[in-house]
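In what follows, a structure is listed as structure tokens, so that the remarks can point back to it.
The values are calculated or read from the model by the stated rules, or taken from the named source; none is laboratory data. None of these values were measured; they are calculated from a predicted model. FYI the Cβ positions are ideal-geometry reconstructions off the backbone, even for glycines, and counts take in every protein chain you see.
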Amino acid sequence: MNTKILVIGACGQIGTELTAKLRLQLGKDAVIASDIKEGTDEFMNSGPFEFINAMDKGEILEAVEKHHITDVYLMSAMLSATAEKYPSKGWDLNMASLLNVLEIAKAKKIKKVFWPSSIAVFGPTTPKKDTPQTTIMEPSTVYGISKQAGERWCEYYFNNYGVDVRSLRYPGIISWKTNPGGGTTDYAIEIFHEALRHKKYCSFLSAETRLPMMYMDDAVEATIQIMNAPGSEIKIRSSYNIAAMSFTPEVISEKIKGYIPEFEITYKPDSRQSIASNWPQSIDDTEARKDWNWSHQFNLEKMVERMIYSLSNKYKLMEPELNY
Ligand code: AKB
């Protein structure tokens with residue numbers, strides 16, 4: 001049976017780029033994009049699309065049967081900062097969407113599921129540096145609690161019903177094509193837009209708040225790689241730690257100054273500071289590297305260079321000097 005993919009939440013930050021990459025690899029008709037809302041014109045014209053509310057199991061099942069779907073990537077979620085504002089909505093969306101897809105997989109209607117977890121599963125009692133795969137997890141946000149519960153559900157459905165579900169604990173994902181929404185790590189994207197347009201940025205996290213981050217291309221690569229790995233290599237069925245770089249607002253602003261010397265950063269921590277302060281500073285992803293050969297391509301320097309040149313080009317601020 002040929003692989004036929006349904007991406008739920010395809011118009012979001014990661015969903016958009018994941019869908020594009022999968023379509024490049026498998027052909028546009030092998031990847032059905034879906035979301036509760038429309039994407040950009042460019043996205044809507046790039047291949048088949050279904051309107052799906054991830055909280056409605058019937059809508060997901062209908063699309064699965066109509067398109068003979070084999071693999072589902074469930075990318076819809078309410079992120080940390082927004083879920084703190086709407087706790088019950090965040091919990092309902094993050095849990096119901098996952099259980100809907102796991103139930104459809106349990107009924108053998110699909111073969112494989114990808115579901116993203118997050119570094120938000122960790123909390124104030126977790127070791128902050130090189131946070132291990134298995135450690136104390138006492139998340140303090142609604143988003144983190146939903147992701148931790150989700151990890152338990154993934155492992156439960158694998159152990160008890162043989163559902164082939166695979167998951168990654170994403171750090172903050174940095175990208176320039178699509179904007180993020182509602183996350184605590186979003187400052188690391190906003191800073192580039194503001195630096196290029198206004199040469200200044202007011203950070204909502206303090207200068208020394210260190211968080212794990214990853215460039216979008218690595219996140220998409222890791223997602224597709226874990227889904228393509230033989231099942232026998234996937235030893236962890238809750239969710240894998242993955243890592244690429246860690247930095248503070250101060251460190252990234254210094255890197256940006258290397259390209260835009262007039263850039264100035266100021267700090268005005270808001271409610272997102274307490275979320276970030278309870279998260280790890282860096283992640284140990286030894287298990288992912290060992291089990292299915294994960295490795296990242298983008299370090300801090302390469303990511304900053306790519307962001308500056310791609311966004312300069314987008315805003316037509318200067319002729320990019322590098323060709324990718
Ligand atoms: C967020 O900030 O909420 C997300 C995440 C780390 O999962 N980017």
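Yes/no matrix, rows are residues, columns are (1) outside any loop (DSSP other than H, G, I, E, B); (2) touching a strand residue (DSSP E or B) at 6+ places or on another chain (Cβ under 8 Å); (3) outside the structural domain of residue 113 (by TED's automatic domain parsing):
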residue	(1), (2), (3)
206	no, yes, yes
232	yes, no, no
236	no, no, no
251	yes, no, yes
254	yes, no, yes
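Here is a check on your reading of the model: is residue 274 outside any loop (DSSP other than H, G, I, E, B), at pLDDT 95 or above and not charged (D, E, K, R)? Considered against the rule, which asks whether it is outside any loop (DSSP other than H, G, I, E, B), at pLDDT 95 or above and not charged (D, E, K, R), residue 274 comes out as yes. Considering each residue of segment 111-128 in turn, none proves to be free of Cβ contacts under 8 Å to residues at least 40 places away in the same chain, more than 13 Å from the ligand (Cβ to nearest atom), of a type outside the set (S, T, N, Q) and assigned to a loop (DSSP other than H, G, I, E, B).
Counting residues in segment 73-94 that are outside any loop (DSSP other than H, G, I, E, B) and farther than 18 Å from residue 182 by Cβ gives one or more.
Could you tell me whether residue 271 is surrounded by fewer than 16 Cβ atoms within 10 Å (Cβ to Cβ), over 21 Å from the mean Cα position of the chain (by Cα) and not assigned by TED's automatic domain parsing to the domain that holds residue 133? Answer is yes for this residue. Do you know which of the residues in segment 225-268 that are within 16 Å of the ligand (Cβ to nearest atom) and under 21 Å from residue 150 (Cα atoms) is surrounded by the fewest Cβ atoms within 10 Å (Cβ to Cβ)? Across segment 225-268, the extreme among qualifying residues is 238. Answer yes or no: is there a residue in segment 137-155 that is within 11 Å of the ligand (Cβ to nearest atom), among the aliphatic types (A, V, I, L, M) and over 15 Å from the mean Cα position of the chain (by Cα). Checked segment 137-155: at least one residue is within 11 Å of the ligand (Cβ to nearest atom), among the aliphatic types (A, V, I, L, M) and over 15 Å from the mean Cα position of the chain (by Cα). Scanning segment 160-188 for residues that are part of a helix (DSSP H, G or I), in contact with a strand residue (DSSP E or B) (Cβ under 6 Å, 6 or more places away or on another chain) and more than 18 Å from residue 258 (Cβ to Cβ) yields a total of 1. Across segment 179-188, not a single residue is classified as out of contact with any Gly (no Cβ under 6 Å at 6 or more places or on another chain), away from the ligand (no atom under 11 Å from the Cβ) and either at pLDDT 95 or above or hydrophobic (A, V, I, L, M, F, W, C) (or both).
Can you confirm whether residue 10 is within 18 Å of the chain's Cα centre (by Cα), assigned by TED's automatic domain parsing to the domain that holds residue 227 and touching a residue at least 40 places away in the same chain (Cβ under 8 Å)? So residue 10 passes the test.
Every listed requirement among (1) more than 23 Å from residue 108 (Cβ to Cβ); (2) in contact (Cβ under 8 Å) with a residue 40 or more places away in the chain; (3) part of a helix (DSSP H, G or I) is met by residue 60 save one, (1). No other residue among 34, 46, 88, 80 is in contact with a Lys or Arg (Cβ under 9 Å, 6 or more places away or on another chain), closer than 28 Å to residue 155 by Cβ and among the hydroxyl-bearing types (Ser, Thr, Tyr) apart from 80. Answer yes if at least one residue in segment 101-123 is among the aromatic types (Phe, Trp, Tyr), modelled with pLDDT of 95 or more and over 14 Å from residue 54 (Cβ atoms), and no otherwise. Taking every residue of segment 101-123 in turn, at least one turns out to be among the aromatic types (Phe, Trp, Tyr), modelled with pLDDT of 95 or more and over 14 Å from residue 54 (Cβ atoms). Among residues of segment 263-285 that are in contact (Cβ under 8 Å) with a residue 12 or more places away in the chain, those with a beta-carbon under 6 Å from a residue that is assigned to a helix (DSSP H, G or I) and more than 13 Å from the ligand (Cβ to nearest atom) at least six positions away or on a different chain give the pairs 263/195; 263/256; 263/257; 265/253.
Any residue at all in segment 165-184 that's in the same structural domain as residue 25 (by TED's automatic domain parsing), over 16 Å from the mean Cα position of the chain (by Cα) and buried (at least 19 other Cβ atoms within 10 Å of the Cβ)? Within segment 165-184, one or more residues are in the same structural domain as residue 25 (by TED's automatic domain parsing), over 16 Å from the mean Cα position of the chain (by Cα) and buried (at least 19 other Cβ atoms within 10 Å of the Cβ).
With respect to the stated conditions, residue 192 is within 16 Å of the ligand (Cβ to nearest atom), touching a Leu at 6+ places or on another chain (Cβ under 8 Å) and farther than 18 Å from residue 280 by Cβ.
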